[in-house]
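The values are calculated or read from the model by the stated rules, or taken from the named source; none is laboratory data. Just so it is clear, the structure is predicted and the values come from calculations on it, not from any experiment. Don't worry about glycine lacking a Cβ; one is built from the backbone with ideal geometry, like all the others, and counts go over all protein chains shown.
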2 protein chains.
Amino acid sequence: MRPMISSTKNPLVKRIRRLKQKKYRLQEGVFFVEGLRVVATALEMGAEVEQIVWCDDLLVSDFGRSLLLQAPATELSASVFQAISERDQPVGIGAIVKMRVTAISEQSIGEQSVFVALYEISDPGNLGTIIRTVDAAGADGVILVGNTVDPFHPSAVKASMGAVFNVAIVESSAENLLNWSKENGLSIVATSAKGSADYRAISYPKPALLLMGSEREGLPSHILQQADQAVAIPMRGTASSLNLAVATGILLYQMTTTSVVD
Amino acid sequence: MRPMISSTKNPLVKRIRRLKQKKYRLQEGVFFVEGLRVVATALEMGAEVEQIVWCDDLLVSDFGRSLLLQAPATELSASVFQAISERDQPVGIGAIVKMRVTAISEQSIGEQSVFVALYEISDPGNLGTIIRTVDAAGADGVILVGNTVDPFHPSAVKASMGAVFNVAIVESSAENLLNWSKENGLSIVATSAKGSADYRAISYPKPALLLMGSEREGLPSHILQQADQAVAIPMRGTASSLNLAVATGILLYQMTTTSVVD
């Protein structure tokens, strides 16, 4: 049994705090997650859990305690746990987990596969919510294109509700993504406000790639031109835009359920 | 012309800071918004803008400056503006705006009306995103039921992207909502994970009310029992849940576009 850590100057504690910065996550190839559900999902999905940290005063559930047997676990005092926690009411469990990112050339494709590619999106909450939606919709993966926010950012991991461990996270340049899509016969669906078909009026041959642009700029025209279909969600109000994660959800459910209902 | 405010101890500056707390917003019946688009939308939609604050060094666009003519405007020094701002890079304009909340008994209903009712939801970002979606979908209003997060919370206003000024915000008890729905012939659609129809397999008679439960608990059974239809969005992944705002967006677009496409 390892001794309890009761100082915030302990190297493990300092390391966990550093992992809140992207620079250190990339350097070490790991990220920190906090909470019962997300640690349980990491273990269940076979993620490489390098280290669990926990707190005897805070971790009350039997289920939570059963997780401590599944990976090396280090106890923290309540004040140290609170110091690393981003929650108002920490539940007393967290873990350092190895990042898993797939290169586009290694991503497998099935006949009914649907992927979501995100071009230079910037909000970690949106990214995490989209990863969660991709999991719920039973789609195949999220492809991050260009200068996109880090999927292992604490806010992205939190918004994904554990789905970051279920969903393939792929990184690619725009050029490689388009080549891969064409070589593998993916039908590319892009979203555009102008001159597009209503998303409900068309069908979506599989395998398919849904291409979403950044929150502010959408998709650049040189990428939009490579799409097989450009679709739009009708905007009927004055503000006339949807949150990126909501728009992705509406389109993804349309694409993944078409064959069942139509 | 009013003199420029260069001290954070000025009563107007203190008041704006206080308005970040719900207690003071309710006391005064106003809230503070920040940013070019949201101030412009407030003015355009005829919201009661009590006071604009702006900063000569930060507000560079001609469009932004043209807004200063449309309501009483007070200039703040750059350091004072930065002190009240919640942004990393403030654009130098904000406004104190009167809240507008409708009582359920005063809300009008059309033959094709669709309302979204939110039961005790707690996340201000979700609420703002749903208000934005209701506007984009052309639905008629958001009804806040029970102990729901404040729609004038800064994070809710920000996530609404100005739609908080376009969309009717209604408050009601659960009992009054159900009575109002039945008296006015609204078809009540509730979401439930268990024993429900696939949301794509049914039609949605209008006028309609979409009833969504809280992030953690969903809808309580005594409310679910009052619904005309219970629907579910299929969950195909392991994490098996959707973000509340994404789920609301998927259902709302299904309900509001059914008649066009089917």
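Out of (1) over 16 Å from B:ASP140 (Cβ atoms); (2) within 14 Å of chain A (Cβ to nearest Cβ); (3) hydrophobic (A, V, I, L, M, F, W, C), the odd one out for B:MET255 is which?
Only one criterion is unmet by B:MET255, namely (1).
Mind listing whichever residues of the range A:173-192 are more than 14 Å from chain B (Cβ to nearest Cβ) and touching a residue at least 40 places away in the same chain (Cβ under 8 Å)?
Result: A:ALA174, A:ASN176, A:LEU177, A:LEU178, A:TRP180, A:ASN184, A:LEU186, A:SER187, A:ILE188, A:VAL189, A:ALA190, A:SER192.
What number of residues within the range A:195-246 are in a loop (DSSP other than H, G, I, E, B), among the hydrophobic types (A, V, I, L, M, F, W, C) and more than 13 Å from chain B (Cβ to nearest Cβ)?
Adding up the residues that qualify gives 2.
Out of the range B:143-159, which residues are in a helix (DSSP H, G or I) and either in contact (Cβ under 8 Å) with a residue 40 or more places away in the chain or among the basic types (Lys, Arg) (or both)?
Matches in the range B:143-159: B:PRO154, B:VAL157, B:LYS158.
Could you say whether any residue in the range B:63-74 is under 21 Å from B:SER155 (Cα atoms), touching a residue at least 24 places away in the same chain (Cβ under 8 Å) and not hydroxyl-bearing (Ser, Thr, Tyr)?
The answer is no, given that none of the residues of the range B:63-74 is under 21 Å from B:SER155 (Cα atoms), touching a residue at least 24 places away in the same chain (Cβ under 8 Å) and not hydroxyl-bearing (Ser, Thr, Tyr).
Just one of (1) under 24 Å from B:VAL149 (Cβ atoms); (2) in contact (Cβ under 8 Å) with a residue 24 or more places away in the chain trips up B:GLN21, so point out which.
(2) is the only condition that B:GLN21 fails.
Here is a list: B:VAL231, B:VAL246. Which entry is assigned by TED's automatic domain parsing to the domain that holds B:VAL149, without any contact (Cβ under 8 Å) to a residue 40 or more places away in the chain and either out of contact with any Lys or Arg (no Cβ under 7 Å at 6 or more places or on another chain) or closer than 25 Å to A:ILE131 by Cα (or both)?
Exactly one residue qualifies, and that residue is B:VAL246.
Filter the range A:129-159 for residues that are buried (at least 23 other Cβ atoms within 10 Å of the Cβ), farther than 26 Å from A:LYS206 by Cβ and within 12 Å of chain B (Cβ to nearest Cβ) and give the result.
The answer is A:ALA159, and nothing else.
Quick one: how many residues across the range B:189-214 are charged (D, E, K, R) and buried (at least 17 other Cβ atoms within 10 Å of the Cβ)?
Of the residues in that region, 2 qualify.
Run down B:GLN89, B:GLN70 and say which single residue is among the polar types (S, T, N, Q), at pLDDT below 95 and surrounded by fewer than 17 Cβ atoms within 10 Å (Cβ to Cβ).
After ruling out the rest, the residue left standing is B:GLN89.
Given the condition aromatic (Phe, Trp, Tyr) and not assigned by TED's automatic domain parsing to the domain that holds A:GLN51, answer yes or no: does some residue in the range A:94-115 qualify?
There is at least one residue in the range A:94-115 that is aromatic (Phe, Trp, Tyr) and not assigned by TED's automatic domain parsing to the domain that holds A:GLN51.
Assess whether B:VAL134 counts as being out of contact with any Phe, Trp or Tyr (no Cβ under 7 Å at 6 or more places or on another chain), at pLDDT 95 or above and not in a helix (DSSP H, G or I).
Considered against the rule, which asks whether it is out of contact with any Phe, Trp or Tyr (no Cβ under 7 Å at 6 or more places or on another chain), at pLDDT 95 or above and not in a helix (DSSP H, G or I), B:VAL134 comes out as no.
Of everything in the range B:17-33, what is closer than 15 Å to B:VAL157 by Cα, modelled with pLDDT of 95 or more and touching a helix residue (DSSP H, G or I) at 6+ places or on another chain (Cβ under 8 Å)? Give them in sequence order.
The answer is B:LEU19, B:PHE31, B:PHE32, B:VAL33.
Assigned to a helix (DSSP H, G or I), of a type in the set (A, V, I, L, M) and away from every other protein chain (no Cβ under 11 Å): is that true of A:VAL170 in this structure?
Against the criterion (assigned to a helix (DSSP H, G or I), of a type in the set (A, V, I, L, M) and away from every other protein chain (no Cβ under 11 Å)), A:VAL170 does not qualify.
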